[in-house]
Each structure stands twice: as structure tokens, then as C-alpha cells.
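First up is the structure itself, then whatever we jot down about it.
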Amino acid sequence: MLAPVQLTPVDTLEDPRLADYRNVRDPELLKRSGLFMCEGRLGVRHLLDGGRFRPHSVFVTQTALEALSDAWPKLPRETPIYLGSQTLLNQVVGFNLHRGCLAAVERGAARDPSCVLAGCDAERPALLLVEVSNPDNVGGIFRSAAAFGAGAVWLTPGCADPLYRKATRVSMGGTLSIPYASVVQGVAAIGELRAVGRTVVALTPDPRAESIAEVSRRLAGEPVALAFGAEDAGLPPDALAAADLRCRIPLADGVDSLNVATAAGIALHRFSAFDSRHGRSGGASGG
């Protein structure tokens with residue numbers, strides 16, 4: 001394998017070079033230091049392939065180092081790679097990190113919402129997440145956004161951090177590749193989306209809303225933005241009122257709602273028509 005230039009063996013829990021990795025369980029502390037954690041071999045591979053975020057350092061076991069041998073040439077040459085045992089890695093982070101790979105990554109400056117949206121092709125749906133606080137749901141939505149070709153995601157205050165390690169892991173690299181930005185308030189964001197010519201479609205379980213099949217058929221080929229609310233409360237009334245359209249995903253009798261990440265995946269497939277215009281067939285995966 002190509003030996004990384006900055007490969008540094010580590011063997012003690014107290015090594016000061018591993019300080020960032022002792023903060024893994026405190027995401028707010030990490031955030032204040034301008035870092036986030038990218039977990040697992042697949043996550044680090046997405047990180048290096050994307051080139052959007054700058055790695056600060058990497059902490060790996062020998063097995064993970066060898067498994068990612070083809071990816072290391074994409075790592076900036078000055079970035080240190082700390083090589084330690086699985087036992088040491090687990091002790092430093094405080095839990096069993098069974099894939100043996102973790103990267104401390106620089107967050108960079110916050111992105112301007114209008115610039116993020118300006119880079120979103122009209123044919124690609126944009127997403128607005130309003131107070132979606134569960135990191136699993138945020139990660140799942142980003143995974144579907146990547147799978148179905150969404151162009152941008154806006155998140156209101158109260159949403160889980162897309163760069164929290166759990167959200168990044170669940171997203172299968174989606175939070176590292178899909179452009180996103182924070183917005184101040186949901187209704188104002190809907191107004192901005194409408195002002196640039198996007199039809200804002202609010203997803204709701206309300207039985208009075210139109211079926212998603214009808215709405216997506218009517219808006220085929222038009223620039224759209226899909227708005228989703230929190231798992232329990234859904235979109236607030238003012239956001240529902242501000243949207244151009246409300247639509248629902250019909251469900252079997254006795255089922256009142258879907259997980260928001262599942263609903264987002266269905267909606268993105270409907271509104272992107274990704275399977276027929278861009279993509280290839282695929283299947284579900286537990287990876």
C-alpha cells in the first residue's frame with residue numbers, strides 16, 4: 001500500500017494528540033472547536049472522495065488503514081493519521097468503534113442559504129426541514145436526498161446537526177455531499193423558495209390534502225421544494241399555510257403516519273423521477 005506521509009503510531013490513552021477524539025460524545029464541545037467526527041471506513045471514504053470538508057486528523061487501526069489504502073492518496077499530505085490498536089481506539093472514544101476508523105474534520109464556515117439554493121439545478125428538488133430534531137431522521141433524509149438527486153437542503157433551528165456523527169453515519173455520506181444551510185425560520189424560508197420560482201409542497205398526513213401521486217404528476221418537470229416537519233408534530237400551521245400545496249402519502253387503513261425519513265424518501269422518488277431520468281435500478285440495503 002502507499003504509506004501515508006503523516007502516519008504516526010500512538011499507544012497511550014493520555015497522548016495529547018488524541019484530545020479531539022476524547023470529545024466524541026460531546027458534540028457541542030466538538031462544534032465549538034470547529035470540528036465534527038466522521039465515523040467508519042465508508043464515511044471516511046465518502047469524506048475523501050467528496051473533497052468538500054477538510055480532515056483535521058484520522059485515527060485508525062491497522063486493519064482499517066489497509067482497507068482504505070486506495071483512499072489515502074486523496075488525503076491532504078499534511079494531515080496526520082494516528083495508528084493505534086482497536087482497544088486503544090475504543091478506550092479513547094469511550095465505546096466500541098468496531099469499524100476501526102474515525103476522522104476529526106473541520107466544519108468550515110457556515111454556508112449562505114441563498115448561495116446553496118442558487119447552486120441547485122431547477123430539475124432537482126430542494127428540501128426544507130422544519131425542527132426535525134432526531135439525528136437518525138436527518139441522516140435518513142440526507143441519504144434519500146443523495147439517492148434521488150436532491151440539490152439542496154435547508155434546515156431551521158431545532159433540526160439535528162447534519163454533521164453529528166450519528167446523522168453522518170446514517171446518511172451513508174449524504175451529509176458530506178448534499179449542499180445544505182441553516183435558515184432562521186420556516187415561513188420566511190418558504191417565502192424565499194417561492195420567490196426564486198420553486199413550488200413549495202408541504203408533506204402532511206392530513207386526509208384532506210391531495211394525494212402525492214396527483215401532485216407529483218401535475219408538477220412533473222417544475223422546480224419544487226419539499227417541506228417536512230418534526231416526527232410527532234409535523235409542519236407547524238403557519239408553514240402549512242405558507243406552502244403552495246399540501247400533499248399526503250396514502251396509507252393503509254389503521255395507519256396514521258410514516259416516519260419522516262421514510263416519507264421524505266417516498267416524496268423524493270415521486271418528485272425527482274430519478275429512476276427514469278438519471279438513475280439505475282437498485283435495492284434496499286442495510287449497509
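What shape does the range 1-114 take by its C-alpha gyration tensor, where a ≥ b ≥ c are the square roots of the eigenvalues and a/c under 1.5 counts as rounded, a/b above b/c as prolate, and the rest as oblate? Oblate, because a/c is 1.5 or more while a/b does not exceed b/c. Counting only Cβ charges, +1 for Lys and Arg and -1 for Asp and Glu, the dipole size of the range 175-280 around its Cα centre is about 440 debye. Charging the Cβ of each Asp and Glu at -1 and of each Lys and Arg at +1, and nothing else, the dipole of the range 7-106 about its Cα centre rounds to 280 debye. Length gained on full extension, Phe95 to Ser114: 2.9 nm, using 0.36 nm per residue less the C-alpha separation. Taking a ≥ b ≥ c as the square roots of the eigenvalues of the Cα gyration tensor of the range 131-190, is the shape rounded (a/c under 1.5), prolate (a/b larger than b/c) or oblate? Oblate.
Between the amide H of Ser182 and those of Arg111, Leu155, distances stay under 5 Å, these residues lying 5 or more places away or on another chain, with hydrogens modeled in the peptide plane. Computed about the Cα centre, the dipole magnitude for the chain is approximately 520 debye when only Lys and Arg (+1) and Asp and Glu (-1) carry charge, each at its Cβ. Rounded to the nearest Å, what's the spacing between the alpha carbon centres of the range 200-247 and the range 137-168? Just the number, please. The distance from the Cα centre of the range 200-247 to that of the range 137-168 comes to 18 Å. Sparse packing (at most 16 other Cβ atoms within 10 Å of the Cβ) combined with a DSSP loop state is found for the following GluC sites (Glu not before Pro) in the range 41-120: Glu78.
For the range 113-276, just say rounded, prolate or oblate: build the C-alpha gyration tensor, square-root its eigenvalues into a ≥ b ≥ c, call rounded for a/c under 1.5, and beyond that prolate if a/b exceeds b/c, oblate if not. Because its axes are fairly even, with a/c under 1.5, the range 113-276 counts as rounded.
Every number in this text was worked out from the coordinates using simple rules, so none of it is lab data. The structure displayed is predicted, hence computed values, not measured ones. All Cβ positions, even for glycine, are placed from backbone atoms using ideal geometry, and neighbour counts span all protein chains on display.
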